[in-house]
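Worksheet: one structure, shown below.
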Amino acid sequence: MARGPGGGGPMGGRFLSEEEQANPPKVTKELLKRVFSYLLPYWKQFAVVLLCIVVASIFSLMPSILTGKIIDEGIVGRSMHALVYYIVLSLAVTFLSNLIGVLQSYCNTWIAQHISFDMRNGLYEHLQMMSQRFFTSSNQGDIITRMTSDIDGVQRTITDTFANILSNTITLIVAIVAMYQKNWILATIGMVIVPLFAIPTRKAGKTRWTITREAQACNDEVNQILNETMSVSGQLLVKLFGKEKHEAAKYRAANEKMIGLNIRESMAGRWFRVVMSTVTSIGPMLIYLVGGLLIMKYDSSLTVGDITVLVALLGRMYMPVNSLLNMQVDWIRSMAMFTRIFEYFDMPVEIKNAPDAITPKQVDGSVEFSHVAFSYEPSRQILRDINFTLKRGDCIAIVGPSGSGKSTISNLIPRLYDVDQGYVSFGGIDVRKLDLTFLRSNIGVVSQETYLFNGTIRENLLYAKPSATEQELIDVCKKANIYDFIEGLEKGFDTEVGNRGLKLSGGEKQRLSIARVLLKDPALFIFDEATASLDSISENKIQEAINPIIESRTSILIAHRLSTILAADEILVIKDGCIAERGQHSDLVALGGIYTELYETQFKRAEDFENKGN
Ligand code: ATP
């Protein structure tokens, strides 16, 4: 049995993650306060749950207590009336207790659902505000786990863990009080028995805990294999390198390990039950023995009914004690889940609106970089002293070797990252002073990695402007040189683009994303040309699409092709994060520096290749 994330097991719920095992959560007052702060808005419903738990726990013990009356007053006292009365009362109380249980589980589920709804939305909104740095440095699986399994776990904690702790504690207290009311000697004997089965319970709990840890590691391994090999690109790699058998063997080995662990886990439970059933049968026998002795020799007031009640109550104590002892695992796991979720909530929002952020009526799309320095990580500076001005309506081409920092420059304008030194201004205002939504809605970026959602072409386009009319869609698609292609499709705009747009070619995706940006109608257009070579027909189509844009709009082109570069008013040559050369194409070629080298090795060859292709 392969366990999927959130799969069940004897411990219930998901397993402990490696992080949880290595760092068990510190259950502090603050943590508990914070956990309960989520309950606060629902305190009325929670009060109903508490009341239900108390009443249901007491009611559930009533039949055991009434057994004494049935025996003493009904059977031994030979009263048909008392017999029927207590039997009916006992049945009615059982029914009522179950009915209250239904109300309790409804309220409980309602609260849990609402708390997880609040948490899920709160966390999603918080994560939406996190910077690009967070998403590039975090593990995507980890984010999804926190958003899904951890929050589901929190929900389970509220429906199961909290409710179980409460109802078991109350049942236990009521049972103990009732036993002592009947007879203190027998009640004390019953109490002595409890530690006897507490020992094997703890032992079994520990064994299961260890096996669960191993199963968790094994489960991670199985999931990782699935994640890696069942993705589109993973499968492509497996197929192209002929690794099907190798991967199947790896999967089989991981699964085999899982089988062993599952068998061990199940057997740990089996032995535990053998020990438990032996120990639990000692308790009643001791009570019969001592109770019998007391009736026969010493205490004439004790009745057969009392002994039956004590035995029945003792039987009702095993379950709550057992489950309270095992609660530790659930409790730790629950607290670990809360801790993990709070960790995300506590991550500061790096890029946010200034308190006095400006939202101008209009912006002209001009850009200025002044002495800009930037690094993704403190140890490695990416940009140094970048200075340039892009005037309204102009076009700047940024060229340079791969990894020199071209895309990084474009990331700083819509504030995907903030500069370390200097400033970037947009429309004459420092981008850090502008309202973020305003800033980003005025910049259109066609990035190297075109991202399309799994949906139709229309849905992907409307993402930029949900109110766009059919005619607007047609217009932008014509401008982006993609309309002929869409028109030729059987379903036109309603064609599904597939997972991340995989049903479209690289060129089609780029043109579709140009159309999407055109629909946004931004003041500044940034086009990060894909480095992957497209065929010359695709190239030309893209070129035809962007040329009119460059002419009519303020734009920045991160260019790899001569045809794109030639259309620019100024060319910035970036090397090792600095502007090494700048000017017009002919001047730069005449300079005989880096640009000439790039021109000879990259642009010219690409151009020659294209010309031959045509
Ligand atoms: P290309 O032409 O290949 O797209 P580029 O000139 O656009 O390259 P950038 O993407 O700006 O280069 O990257 C500049 C440097 O910053 C590279 O060395 C890259 O490894 C590094 N880098 C880029 N993104 C990140 C990131 N999120 N975290 C850390 N380093 C990064």
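The values are calculated or read from the model by the stated rules, or taken from the named source; none is laboratory data. Bear in mind the structure is a predicted one, so any value in this text is a computation, not a measurement. All Cβ positions, even for glycine, are placed from backbone atoms using ideal geometry, and neighbour counts span all protein chains on display.
Values computed for the structure shown
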quantity: Qualifying residue in the range 378-392 (condition: crowded, with 18+ Cβ neighbours inside 10 Å, assigned by TED's automatic domain parsing to the domain that holds I594 and either closer than 15 Å to L524 by Cα or modelled with pLDDT under 90 (or both)); calculated: yes
quantity: Scan of the range 538-583 for residues that are on the phi > 0 side of the Ramachandran plot and more than 16 Å from the ligand (Cβ to nearest atom), ordered by number; calculated: G583
quantity: E508 assigned to a helix (DSSP H, G or I) and assigned by TED's automatic domain parsing to the domain that holds P401; calculated: no
quantity: Candidates E472, E529, filtered to the one that is under 39 Å from the mean Cα position of the chain (by Cα) and buried (at least 19 other Cβ atoms within 10 Å of the Cβ); calculated: E529
quantity: Residue within the range 323-337 that is among the aromatic types (F, W, Y) and within 16 Å of the ligand (Cβ to nearest atom) present; calculated: no
quantity: Count of the range 130-154 residues which are surrounded by fewer than 16 Cβ atoms within 10 Å (Cβ to Cβ) and either β-branched (V, I, T) or more than 16 Å from the ligand (Cβ to nearest atom) (or both); calculated: 5
quantity: Verdict on R458 being under 30 Å from D356 (Cβ atoms), modelled with pLDDT of 90 or more and of a type in the set (D, E, K, R); calculated: no
quantity: Residues satisfying the stated conditions in the range 46-92, i.e. under 14 Å from A312 (Cβ atoms) and not hydroxyl-bearing (S, T, Y); calculated: L61, M62, P63, I65, L66, G68, K69, I70, I71, D72
quantity: Any hit, the range 82-91, residues being in contact (Cβ under 8 Å) with a residue 24 or more places away in the chain, among the small types (G, A, S) and within 26 Å of K182 (Cα to Cα); calculated: yes
quantity: Candidates I549, I526, I565, filtered to the one that is within 27 Å of K361 (Cβ to Cβ) and modelled with pLDDT under 85; calculated: I549
quantity: Selected residue [outside the structural domain of T157 (by TED's automatic domain parsing) and either part of a helix (DSSP H, G or I) or at pLDDT below 90 (or both)] from Q45, Q21, Q104; calculated: Q21
quantity: The range 325-373: number of residues that are in contact with a helix residue (DSSP H, G or I) (Cβ under 6 Å, 6 or more places away or on another chain) and hydroxyl-bearing (S, T, Y); calculated: 3
quantity: Helices (runs of 4 or more DSSP H) completely within the range 372-463 that count 2 or more residues being touching a residue at least 40 places away in the same chain (Cβ under 8 Å), on the phi < 0 side of the Ramachandran plot and more than 13 Å from the ligand (Cβ to nearest atom); calculated: 436-441, 457-462
quantity: All helices (runs of 4 or more DSSP H) inside the range 154-257 with 3 or more residues being within 27 Å of the chain's Cα centre (by Cα); calculated: 184-229, 232-240
quantity: Leading residue by the ranking (farthest from the ligand (Cβ to nearest atom)) among those in the range 107-129 that are closer than 13 Å to F345 by Cβ and aliphatic (A, V, I, L, M); calculated: M119
quantity: Count of the range 270-318 residues which are surrounded by 14 or more Cβ atoms within 10 Å (Cβ to Cβ) and under 30 Å from T212 (Cα atoms); calculated: 9
quantity: Filter result (out of contact with any Pro (no Cβ under 9 Å at 6 or more places or on another chain) and either under 17 Å from L39 (Cβ atoms) or outside the structural domain of S105 (by TED's automatic domain parsing) (or both)) within the range 165-177; calculated: I165, L166
quantity: Pick from the range 575-606, criterion modelled with pLDDT of 90 or more and outside any loop (DSSP other than H, G, I, E, B), ranking: farthest from the chain's Cα centre (by Cα); calculated: G583
quantity: Cβ pairs under 7 Å, 6+ apart, first in the range 58-70 and assigned by TED's automatic domain parsing to the domain that holds F95, second of a type in the set (F, W, Y); calculated: L66/Y86; K69/Y86; I70/Y86
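Residues checked against (1) within 16 Å of S57 (Cβ to Cβ); (2) part of a helix (DSSP H, G or I); (3) polar (S, T, N, Q):
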{"residue": "L302", "(1), (2), (3)": "no, no, no"}
{"residue": "I307", "(1), (2), (3)": "no, yes, no"}
{"residue": "L313", "(1), (2), (3)": "yes, yes, no"}
{"residue": "M317", "(1), (2), (3)": "yes, yes, no"}
{"residue": "L325", "(1), (2), (3)": "no, yes, no"}
{"residue": "M335", "(1), (2), (3)": "no, yes, no"}
